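Here, each number is a calculation from the coordinates, and none is a lab measurement. Please read these numbers as outputs of a predicted model, since none were measured by experiment. Reconstructed Cβ throughout: ideal geometry from the backbone, glycine too, with neighbour counts over all protein chains shown.
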């Protein structure tokens, strides 16, 4: 007598996509819209909200969004849309507190463009709203999510030793139209200028290299460049830690596109020359020199630095969206708590940026960094 075949195990359903509402049609939002499409099935673009429905419709058409993407002629309407789980918010920095807190209050998870706020007090209001509603917060610092970043962390620990010195630099040569009209040079929209835009990446890279240990104090470099409205378009600072390590950074809208990060330790040096946006979307190079010395007769180096290339199928912004979706799905579908790592890293970046701005405003005096 033959026994009946066992019933097939029920197929595990993939989690439902996280449905994004894009709030505002800034140029960076085009990159994130593409990232959301690439991150499918984890992500879906459910809606676009702009100050006019016509602008939302044009954005959806220009960026190949699905035909059923809902178009809203106000930010309020986007937040009231029950089919939106999470909001990506690329509005000018001066509008972040108002709209990020409103999104959190309506139970929407928040992916916030950097710089996240004009000061730490404003950011704290956003984080408190997210905390109160139990929604995930993450800032949009994309390079954090490239697999190269994890590989660099491994080699930093293995080959560089005790980190003593860091230098980071992010600049690009803005054209005249940018320098006159971009929101990043307008005091009422993005008052932090180059410090908030490019400097955010430099500060984050420095903190990343020291595993997010805050510096003791910062001193801004004298004579930053400001535009006629008083907005920073080039500046820098030195950061000091209690144990004697130090870091410098420079950010600018006035010099050739450069994205350098150098981390020097007791045993080695890590160097990456495209840390913000890799030269190519699917590969990330960097080099590590370890136990370096002079060759015979000081004619070269021995050993030579090792070169590494980390490949990725998806661009870093799509990996960021996927990680954000994973956290949101855990909260929505499995009762998980929001991941605190991301808001903590954001806040440390903001606190250091505040200190640099305070040093610039106070005649380049030393400013203690609050813990």
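Based on the Cα coordinates of the range 18-142, what is the per residue volume of their convex hull in Å³? Don't jump to the answer; show the numbers that get you there.
Numbers: hull volume 11.2 nm³, N = 125.
Spread over its residues, the Cα hull of the range 18-142 gives 90 Å³ apiece.
Compute the helix-to-body angle for 96-105: its Cα long axis versus the longest principal axis of the chain, expressed 0 to 90° and rounded to tens.
Its long axis makes an angle of about 40 degrees.
Relative to the compact-globule scaling 2.2 N^0.38 Å, provide the ratio for the alpha-carbon radius of gyration of the chain.
Values: Rg = 22.4 Å, N = 371, 2.2 N^0.38 = 20.8 Å.
The chain yields a ratio of 1.08.
Against the longest alpha carbon principal axis of the chain, how many degrees, from 0 to 90 and to the nearest 10, is the axis of helix 53-62 turned?
Once rounded, one gets 70 degrees.
Once you've got the GNM for the chain with C-alpha springs shorter than 10 Å, pick whichever of 195, 257, 232 has the biggest mean-square fluctuation.
Result: 257 has the largest fluctuation of those listed.
Which percent, nearest 5, of DSSP beta bridges in the chain are antiparallel?
Working: 40 of 67 bridges.
That works out to approximately 60 percent antiparallel.
Count the DSSP beta bridges whose two residues both fall in the range 18-142, then state the antiparallel fraction as a percent rounded to the nearest 5.
Numbers: 0 of 19 bridges.
If we restrict to bridges inside the range 18-142, about 0 percent are antiparallel.
How do 255, 149 rank when sorted from fewest to most other Cβ atoms within 10 Å of their own Cβ?
Working: 255 14, 149 20.
Placing the least packed residue first, the sequence is 255, 149.
What ranking do 286-294, 160-168, 314-322 get when scored by the average of other Cβ atoms within 10 Å per residue, highest first?
314-322, 160-168, 286-294
To make sure I understand, if each residue's beta carbon is the centre and we count other beta carbons within 10 Å, what order do 133, 50, 27, 283 fall in, fewest to most?
On the way: 133 17, 50 24, 27 9, 283 13.
Ascending number of Cβ neighbours within 10 Å: 27, 283, 133, 50.
Going by C-beta contacts inside 10 Å, put 311, 144 in order with the fewest on the left. Spell out each step's value before the answer.
Working: 311 10, 144 19.
So the residues, fewest neighbours to most, are 311, 144.
May I ask for the angle, rounded to the nearest 10°, between helix 27-38 and the longest principal axis of the chain, with both axes built from Cα atoms and the value confined to 0 to 90°?
That helix lies at roughly 60 degrees to the long axis.
Report, in cubic angstrom per residue, the convex hull volume of the C-alpha atoms of the range 207-337.
221 Å³
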